[in-house]
Amino acid sequence: MGDLEPALCVRDLTVTFTTTHGLVRAVDSLGFEVRHGETLGIVGESGSGKSVTSLAVMGLHTSASVSGSIILGGRELTGLPERELNRLRGRKMAMIFQDPLSSLHPYYTVGEQIAEHHRVHFGSGRRAARERAVEALAEVGIPEPRRRVREYPHQFSGGMRQRVMIAMALSCEPELLIADEPTTALDVTVQAQILELIARIQQERGLAVIMITHDLGVVARVAHEVLVMYGGRAVERADVDTLFTAPAHPYTRGLLDSLPRFDDSDDEPLRAIPGTPPSLLTPAPGCAFAPRCPRLARASDQERSHCESELPLLDGPAGHPAACHFPAYEGIAS
Ligand code: ADP
Ligand code: MG
């Protein structure tokens, strides 16, 4: 969009929870940027800290301790008073979730909910807000919007409900949209339609999008840049083509290997990465992926002890850093 300044700039984001078992470091020293008109895919297994990250950006954590810097449209969000954040939420940034029913009120029509959202943020009159709700439903491709604004959330199918959420999220024309597993609950055809819808609106508005998913297939379709998370940390960042053709981190390669292939028969099980995600309560001193790392299985004792004792930092080429002591960059055997 010609904007030099990214829409969102996150630096050193750390989110911890105090639990009865001790301190849980759900997100640790995370940094990324999202430019106007571009999509950052954040990918990682369940529990890797994706949702905790998105809630932190939205300022929605109530019980966590959040530190670091979150700059949206040039403004620092961390430390802002709740009232300010409330205003920015919805107005400058919006979020959609896997389950739209959890964020839609069952007792109000979808029209009332979109209109109310619009009224709160723009102070528009009731009639204008209602008219805006009809337009918003039309924009996200809901047929017969004038009739459907008067219906309740349960009267919509899963895909149509997600469209309603998108309409609501976009009705205040935010600059940043965070989509947290927006298509996980949908069947593949509807999933493709929703992803296309988000991409179309993004192009029309120059919206910055964070697409959070455990599914690399989704990332391949929509992302420009990808951030791979493991155990609350970024382990690799690259543009989408590089990530798929030349992944540098063994974890990313594991994720790619677990993607269903074109020639796979339907009944062949997906190859998940063996082993379990790391403990966030008592992190090991070295690389969190070491216990599952296929490369370490055939490494020398010296290499293994290095990986198990030294935390690898996100490092390497500026456009393609990886947090691995033995990354597989072009021409370098990992
Ligand atoms: P995902 O990548 O699947 O979205 P989350 O961001 O939801 O993962 O969670 C990352 C980790 O943060 C979880 O595995 C959990 O251990 C921890 N966590 C999240 N919310 C809380 C909470 N309210 N209290 C304690 N720990 C939490
Ligand atoms: Mg999640």
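Here are a few things to note about the model shown:
- All conditions but one from (1) open to solvent by less than 40 Å² (accessible area, probe 1.4 Å); (2) assigned to a loop (DSSP other than H, G, I, E, B); (3) of a type in the set (Ser, Thr, Tyr); (4) within 25 Å of THR184 (Cα to Cα) apply to SER124; the one that does not is (4).
- Candidate set: region 17-36, residues that are more than 17 Å from PRO277 (Cβ to Cβ) and among the polar types (S, T, N, Q); chosen: the one farthest from ligand 1 (Cβ to nearest atom): SER29
- Residues being more than 8 Å from ligand 1 (Cβ to nearest atom), buried (at least 17 other Cβ atoms within 10 Å of the Cβ) and in a loop (DSSP other than H, G, I, E, B) - total across region 45-70: 1
Yes/no per residue for (1) within 16 Å of ligand 1 (Cβ to nearest atom); (2) assigned to a helix (DSSP H, G or I); (3) modelled with pLDDT of 95 or more:
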{"residue": "GLY90", "(1), (2), (3)": "no, yes, no"}
{"residue": "LEU101", "(1), (2), (3)": "no, yes, no"}
{"residue": "LEU104", "(1), (2), (3)": "no, no, no"}
{"residue": "ALA128", "(1), (2), (3)": "no, yes, no"}
{"residue": "GLU131", "(1), (2), (3)": "no, yes, no"}
{"residue": "PRO143", "(1), (2), (3)": "no, no, yes"}
{"residue": "ARG146", "(1), (2), (3)": "no, yes, yes"}
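- Near pairs, Cβ below 6 angstrom, 6+ apart or cross-chain, from region 172-195 (within 16 Å of ligand 1 (Cβ to nearest atom)) to any residue that is open to solvent by 10 Å² or more (accessible area, probe 1.4 Å) and part of a loop (DSSP other than H, G, I, E, B): ASP180/PHE97; GLU181/GLN98; THR184/GLN98; ALA185/GLN98
- Residue in region 127-138 that is least open to solvent (accessible area, probe 1.4 Å), counting only those that are over 19 Å from GLN162 (Cα atoms) and free of Cβ contacts under 8 Å to residues at least 12 places away in the same chain: ALA128
- Flag if ARG163 is touching a His at 6+ places or on another chain (Cβ under 8 Å), open to solvent by 20 Å² or more (accessible area, probe 1.4 Å) and of a type in the set (D, E, K, R): no
- Looking only at residues of region 11-44 that are touching a helix residue (DSSP H, G or I) at 6+ places or on another chain (Cβ under 9 Å) and either at pLDDT below 95 or assigned to a loop (DSSP other than H, G, I, E, B) (or both), we find that the one that is most open to solvent (accessible area, probe 1.4 Å) is GLU38.
- Taking every residue in region 98-112 that is farther than 18 Å from LYS50 by Cα and pairing it with any residue that is part of a loop (DSSP other than H, G, I, E, B) and of a type in the set (Asp, Glu), at least 6 positions away or on another chain, the pairs with Cβ-Cβ distances below 7 Å are THR109/GLU151; VAL110/GLU151.
- Listed by position, the strands (runs of 3 or more DSSP E) inside region 205-244 whose residues that are on the phi < 0 side of the Ramachandran plot and open to solvent by 10 Å² or more (accessible area, probe 1.4 Å) number at least 3 are 233-239.
- Count of residues meeting criterion [open to solvent by less than 40 Å² (accessible area, probe 1.4 Å) and within 17 Å of SER48 (Cβ to Cβ)] in region 245-258: 9
The values are calculated or read from the model by the stated rules, or taken from the named source; none is laboratory data. Just so we're clear, the structure is a prediction, and the values are computed from it rather than from any experiment. All Cβ positions, glycine included, derive from the backbone under ideal geometry; neighbour counts span all protein chains shown. With ligands, DNA and RNA removed, areas are computed over all heavy atoms of the protein, side chains included. Shrake-Rupley method; radii C 1.70, N 1.55, O 1.52, S 1.80 Å.
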